[in-house]
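First up is the structure itself, then whatever we jot down about it.
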Amino acid sequence: MNKAKRKVVIAGNWKMNFTPSEATAFINEVKPLVAGKNGCEVVFCAPYVTIAAAQAAAQGSNISIGAENVHFAEKGAYTGEVSAKMLTECGVKYVIIGHSERRQYFGETDATVNARTKAALEAGMTVILCLGEVKEQRLSGITREIVSMQTKLDLEGVTAEQMKNVIIAYEPVWAIGTGLTATPEQADETCGQIRDALAEIYGRDVAEATTIQYGGSMNEKNAAELLAKPNVDGGLIGGASLVAEKFKAIVDAAQ
Ligand code: 13P
């Protein structure tokens, strides 16, 4: 399978931005700008309390609303957490798991990322699984080893069938929120290394069918070049997903 057959997904990660009323205003602004852009799926992942407002505003449009995390247990004594069943009952299909900010600030490990991924998949959700190297790892030349290891650990026990509902977001940690972007060549090379790791686990067909996004300071200026690369099947966008015109330009670049 070549790139043309893979699903292209442009997803915004709002992080801890937008109250419900702000989300409503933003979706109302961006909705007409991305209407009819069928060359990619359009998703915004929102803080839990903002999801319902964003969904209401997005109703009837080509925009899907996702979550930014999910817990691995079905229910129980996990104060502050939200289960996959809670999300699916709210009509949430997409969920980001393993974002580097969760790994960095909230103690997420490959083991918890793996547990959350399996719980979300078992509930029928589509997972946007984030992974990527930190700056020191890139400088030491071990990026391939790091992303291969994360791919294997984060997907342990996930079946080839379930991989249909997994999107991988390659997010070099040094490029997130820093204004530094991986070059299109670096993004393409590392997405290809992740695809190689998938091929080792699941075989080439599954690897070639899996959507692999790039994330890390993707914006209206660099999106076209990044998205043109053969291994880059979309973007996971932070800062530029909070500005309707910038996000629209990225969606346009994906057409
Ligand atoms: P920025 O686009 O703000 O660098 O954030 C990227 C990101 O972390 C998306 O998940």
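The values are calculated or read from the model by the stated rules, or taken from the named source; none is laboratory data. If you're wondering where the values come from, they're calculated on a predicted model, not measured in any experiment. Counting neighbours? That spans all protein chains shown, and the Cβs are built from the backbone with ideal geometry, glycine included. When the accessible area is computed, the model is the full protein with side chains, heavy atoms only, and any ligands, DNA or RNA have been set aside. Shrake-Rupley method; radii C 1.70, N 1.55, O 1.52, S 1.80 Å.
Starting from the amide H of residue 8, placed 1.01 Å from N in the peptide plane, find each other amide H under 5 Å away whose residue is 5 or more places distant or on another chain.
When sequence neighbours closer than 5 places are left aside, the close amide H contacts are 41.
Under 19 Å from a point 7 Å along the Cα-to-Cβ line of residue 159: which residues of region 99-130 have their amide N that close?
114-127
Over what distance in Å are the Cα centres of region 9-48 and region 205-245 separated?
15
Could you sort 117-125, 55-63, 94-102, 207-215 so that the peptide with the highest average Cβ count within 10 Å comes first and the rest follow in order?
Highest to lowest by the protection proxy: 94-102, 207-215, 117-125, 55-63.
Where is the GNM fluctuation largest for the chain (alpha-carbon springs, 10 angstrom cutoff): 182, 77, 224?
77
Return the sequence-ordered ³J(HN,Hα) values of region 157-167 in whole Hz as given by the Karplus equation 6.51 cos²θ - 1.76 cosθ + 1.60 applied to θ = phi - 60°, using x for Gly and Pro.
Along region 157-167, the couplings run x, 7, 7, 4, 4, 5, 4, 4, 10, 10, 10 Hz.
Would you work out the relative contact order for the chain, in percent, from Cα pairs under 8 angstrom that are 6 or more residues apart?
Contact order relative to length: 22 percent.
Quick one: 3J(HN,Hα) in Hz for region 64-70, Karplus 6.51/-1.76/1.60 with θ = phi - 60°, rounded, Gly and Pro as x.
9, 10, x, 9, 9, 5, 7
Report the relative contact order of region 1-122, percent, no decimals, based on alpha-carbon pairs under 8 angstrom and at least 6 residues apart.
22
With 24 Å as the limit, write out which pairs from 85/248; 31/75; 85/246; 15/85; 75/164 have Cα-Cα distances beyond it, or answer none.
Beyond 24 Å between Cα atoms: 85/248; 31/75; 85/246; 75/164.
Skipping prolines and chain starts, which residues have an amide H placed within reach, meaning under 5 Å, of the one on residue 108, given they are 5 or more residues away or on another chain?
Amide H neighbours of residue 108: 103.
Output ³J(HN,Hα) for region 118-134: one whole-Hz value per residue in order, computed from phi by the Karplus curve 6.51 cos²θ - 1.76 cosθ + 1.60 with θ = phi - 60°, and x for Gly and Pro.
5, 5, 5, 5, 4, 7, x, 7, 9, 9, 9, 8, 9, 8, x, 8, 8
To the nearest 10 square angstrom, how much accessible area does residue 229 have with a 1.4 angstrom probe?
50
Once amide H atoms are built 1.01 Å from N in the peptide plane, which residues 5 or more positions from residue 82, or in another chain, come under 5 Å H to H?
Result for residue 82 returns 71.
Identify the residues of region 143-170 with backbone N under 15 Å of a label point that sits 7 angstrom from the Cα of residue 5 along the Cα-to-Cβ direction, or state none.
Correct set: 164.
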